[in-house]
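Reviewing the structure listed below.
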Amino acid sequence: MEIIESIEVMRERSRELRKRGKTISLVPTMGYLHDGHLFLLQEGRRRADCLVISIYVNPTQFSPGEDFERYPRDFERDVALSRQSGVDIIFCPDSKDMYPEGYLTFINVEEMTRELCGLTRPNYFRGVTTICAKLFNIVAPHLAIFGKKDFQQYQVIRQMVRDLNMDLEIVGLPTVREKGGLAMSSRNVYLTAEERESALGLSAALKLAQDMYQRGERDAGAILAQARRVIEERPGVVIDYAKIVSTASMKEVARIEGEAVFALAVKVGATRLIDNHVFGDALEI
């Protein structure tokens, strides 16, 4: 396994691999790897000759007052887990190279980034699309793999790739959950034992919503009223949003007629957690 910090070295390595007819898969991460990341790496290993993981805590997707400085980091552990997962290259650039002095260029995906997380995290998607575009340009993967826990992010990246005619496939994989149903996230480390118990209200609400859908309920308001009650009865939680939206536009729907996703963002103590479920998909909790 090779660890590459230089943008030029990474770019040259990708050129060499492509000249030899090798396929490249990329799993973009901010590190502090957990089983959800390892699931993505497993798929990347299966689908390509060369598996690349990027480990980079991207400053441009954090707003002032968010947790950029305290975001969990453990590079040595990430290296060990990457090696165990069959990673060929870890790309871990430095911010002074990714955003050098005088940097002015950002990518905006309009409309769908104004909903859900875009309402309360105004810098988030601009930072995500910009860093992903940069990683795609540097690593030149044939496919990039994302978890659908960040469903809005997944859809925004797909939109960017389509709109900008980028030559790669975006692969989305189901959410990996802890025992009890909590969606795996690097930020779960912030939770106390009591907060972790409260956080289980997110997956419980999703399960209730799916059960109602399977029984024939299609009124979004009726489903949301019951689901919000499940979350709010837990101590120490504040709902940022709980919405049923179109999977294509991320705009709210009154009735579930096309494909729709129930998307949640909830603060448990000081920790903001997200989760979602696409109605009709399997939900194993």
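Some values worked out for this structure:
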quantity: Selection count, segment 105-140, where residues are over 23 Å from A263 (Cα atoms) and either among the small types (G, A, S) or open to solvent by less than 20 Å² (accessible area, probe 1.4 Å) (or both); calculated: 8
quantity: Check on Y32, within 25 Å of V156 (Cα to Cα), in a loop (DSSP other than H, G, I, E, B), open to solvent by 40 Å² or more (accessible area, probe 1.4 Å) and without any contact (Cβ under 8 Å) to a residue 60 or more places away in the chain; calculated: no
quantity: Test set (1) open to solvent by less than 40 Å² (accessible area, probe 1.4 Å); (2) out of contact with any Gly (no Cβ under 8 Å at 6 or more places or on another chain); (3) closer than 24 Å to E43 by Cβ - R177 fails condition number; calculated: (1)
quantity: Qualifying residue in segment 214-226 (condition: surrounded by 19 or more Cβ atoms within 10 Å (Cβ to Cβ), within 23 Å of the chain's Cα centre (by Cα) and within 23 Å of Q153 (Cβ to Cβ)); calculated: no
quantity: Selection status of D97, touching a residue at least 60 places away in the same chain (Cβ under 8 Å), surrounded by fewer than 18 Cβ atoms within 10 Å (Cβ to Cβ) and assigned to a helix (DSSP H, G or I); calculated: yes
quantity: Complete set of residues in segment 7-22 that are open to solvent by less than 50 Å² (accessible area, probe 1.4 Å) and touching a residue at least 60 places away in the same chain (Cβ under 8 Å); calculated: I7, M10, S14
quantity: Breaking point among (1) open to solvent by 30 Å² or more (accessible area, probe 1.4 Å); (2) under 16 Å from A140 (Cα atoms), for S25; calculated: (1)
quantity: Unmet criterion (only one of (1) out of contact with any Gly (no Cβ under 9 Å at 6 or more places or on another chain); (2) part of a helix (DSSP H, G or I); (3) within 25 Å of L173 (Cα to Cα)) for R272; calculated: (2)
quantity: Residue match in segment 52-61 (condition: open to solvent by 30 Å² or more (accessible area, probe 1.4 Å) and either of a type in the set (A, V, I, L, M) or outside any helix (DSSP H, G or I) (or both)); calculated: no
quantity: Residues (aliphatic (A, V, I, L, M) and more than 25 Å from R121 (Cβ to Cβ)) located in segment 44-99; calculated: A48, L51, V52, V79, A80, L81, V87, I89, I90
quantity: Pair list, Cβ under 9 Å, 6 or more apart: segment 242-254 residue closer than 20 Å to K207 by Cα and free of Cβ contacts under 8 Å to residues at least 24 places away in the same chain, other residue open to solvent by less than 10 Å² (accessible area, probe 1.4 Å) and part of a strand (DSSP E or B); calculated: S246/A260; S246/V261
quantity: Members of segment 257-269 found to be assigned to a loop (DSSP other than H, G, I, E, B) and in contact with a helix residue (DSSP H, G or I) (Cβ under 6 Å, 6 or more places away or on another chain), listed by number; calculated: G269
quantity: Residue that is most open to solvent (accessible area, probe 1.4 Å), among those in segment 227-252 that are charged (D, E, K, R) and part of a loop (DSSP other than H, G, I, E, B); calculated: E233
quantity: Identity of the residue in segment 76-94, in a helix (DSSP H, G or I) and more than 20 Å from the chain's Cα centre (by Cα), that ends up surrounded by the most Cβ atoms within 10 Å (Cβ to Cβ); calculated: V79
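The values are calculated or read from the model by the stated rules, or taken from the named source; none is laboratory data. Quantities reported herein were computed from a predicted structural model and do not represent experimental measurements. Neighbour counts run over all protein chains shown; Cβ positions are idealised from the backbone, glycine included. For the accessible areas, the whole protein counts, side chains as well, though only heavy atoms, and no ligand, DNA or RNA atoms are used. Shrake-Rupley method; radii C 1.70, N 1.55, O 1.52, S 1.80 Å.
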